[in-house]
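First up is the structure itself, then whatever we jot down about it.
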Amino acid sequence: MAQPPGDTMPHRGVKICGLTEEAGFDACVEHGADWIGFVFFERSPRNITPQQSDRLSRRHAGGPKRVGLFVHPDDDTLARVLDGVKLDILQLYASPERALALSQRLGVPVWLSQPVSSRAELPTGCLVDRLLIEPKPPAQATRPGGNAQKLDWSMLHGWHPPFPWMLAGGLNPENVEEAVTLTGAPAVDVSSGVESAPGVKSPEAIKRFIQNARKPHFSV
Ligand SMILES: O=C(O)c1ccccc1N[C@@H]1O[C@H](COP(=O)(O)O)[C@@H](O)[C@H]1O
């Protein structure tokens, strides 16, 4: 539903994904990110071990919820990571059925990444706690996300699904305000767009991304 500027705006959720070092993590806490993501995927420049993520996470009690990102994880991988670090939410690249089964078995909220390339591919239902709407990766990509690739936001125009979702893919401090204005996304996720080098977060970019994502806007 469109809202004129000046009305009470709903809180726009912000997730900063792929934290590996202290400065980035501290910036997320300081500037009020809702969620931070740890990537447990070896082919990512943001890959982190359970022990490293646990050390980072323990720098601050409370703060953003800790999201663990997994790409088609087997049961052993999940068990090993969950043994090493406390995660509040699992973000999965998996089939909806596998995601649902894991959520029921592990008793942890599960988000599902949903790559799309056209409006016709937008999901009509959600079996888990939230969907992340993002572009399909380029043909030569070595990972399904975290490629700084932008979705064609126009495909989300007027899309108001009855389930929680989040916009991801190619967002950065400069374009996030336009992205939320055009899509009405209730929450946004960024990884590459707040980095000074692959896998190294920029505290300054994190601050600007969070501020710009939450600027009041007139959603269309
Ligand atoms: O960040 C990664 O390295 C990554 C690796 C494998 C799967 C997903 C990954 N990141 C997620 O991809 C999207 C978009 O990222 P970007 O902002 O375009 O870099 C986001 O959901 C990240 O959580």
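A few points about this structure:
- Cα-based Lys pair tally, the chain, threshold under 17 Å, eight or more apart or on separate chains: 8
- Taking a ≥ b ≥ c as the square roots of the eigenvalues of the Cα gyration tensor, segment 39-135 is classed as prolate, since a/c reaches at least 1.5 and a/b is larger than b/c.
- Virtual paramagnetic centre 7 Å along Cα→Cβ of L127, amide N under 19 Å, in segment 81-95: 90-95
- 10 Å Cβ shell holding at most 13 others, DSSP loop, GluC sites (Glu not before Pro): longest site-free stretch of the chain: 43-173
- Within the chain, the percentage of alpha carbon pairs spaced more than 23 angstrom apart rounds to 44%.
- Applying the Karplus relation 6.51 cos²θ - 1.76 cosθ + 1.60 with θ = phi - 60° to segment 135-140 yields 3J(HN,Hα) values of x, 5, x, x, 4, 8 Hz, where x marks Gly and Pro.
- Cα gyration tensor shape for segment 113-220, rounded if a/c is under 1.5, else prolate or oblate: oblate
- Three-way shape label, segment 11-62, alpha-carbon gyration tensor, a/c 1.5: oblate
- Contact order, relative form, for segment 83-145: 29 percent (alpha carbon pairs under 8 Å, 6 or more residues apart, mean separation divided by residue count).
- Remark: spin-label model distance E174-L106 equals 3.6 nm, labels positioned 7 Å along the Cα→Cβ axis.
- Student exercise, segment 1-104 dipole from Lys, Arg, Asp, Glu Cβ charges, in Debye to nearest 20: 80
- Mean-square fluctuations from a GNM of the chain, with a 10 angstrom spring cutoff on Cα atoms, peak among L122, L132, L167 at L122.
- Database remark: amide H of C17 closer than 5 angstrom to the amide H of G37, V190, S191 (H placed geometrically; neighbours at sequence offset of 5 or more, or on other chains; Pro and chain starts carry no H).
- Listed residues Q91, Q140, Q114, most fluctuating in the chain (Gaussian network, C-alpha, under 10 Å): Q140
- Distance between the pseudo-spin-label points of D152 and D76 (7 Å out from Cα toward the beta carbon): 4.3 nm.
- Share antiparallel - DSSP beta bridges, the chain, percent rounded to 5: 5
- Considering only L92, L69, L100, the mean-square fluctuation computed in a Gaussian network model of the chain, springs between alpha carbons under 10 angstrom, is largest for L100.
- Antiparallel DSSP beta bridges within segment 94-220, percent to nearest 5: 15
- Nearest-20 debye value, the chain charge dipole, Cβ charges on Lys, Arg, Asp, Glu: 100
- Applying the Karplus relation 6.51 cos²θ - 1.76 cosθ + 1.60 with θ = phi - 60° to segment 190-200 yields 3J(HN,Hα) values of 9, 10, 4, x, 10, 10, 8, 7, x, x, 10 Hz, where x marks Gly and Pro.
No lab work stands behind these numbers, since they all come straight from the coordinates. This is a predicted model, so every value here is computed, not measured. Neighbour counts are summed over all protein chains in view; Cβ atoms, including those assigned to glycine, are modelled from backbone coordinates with ideal geometry.
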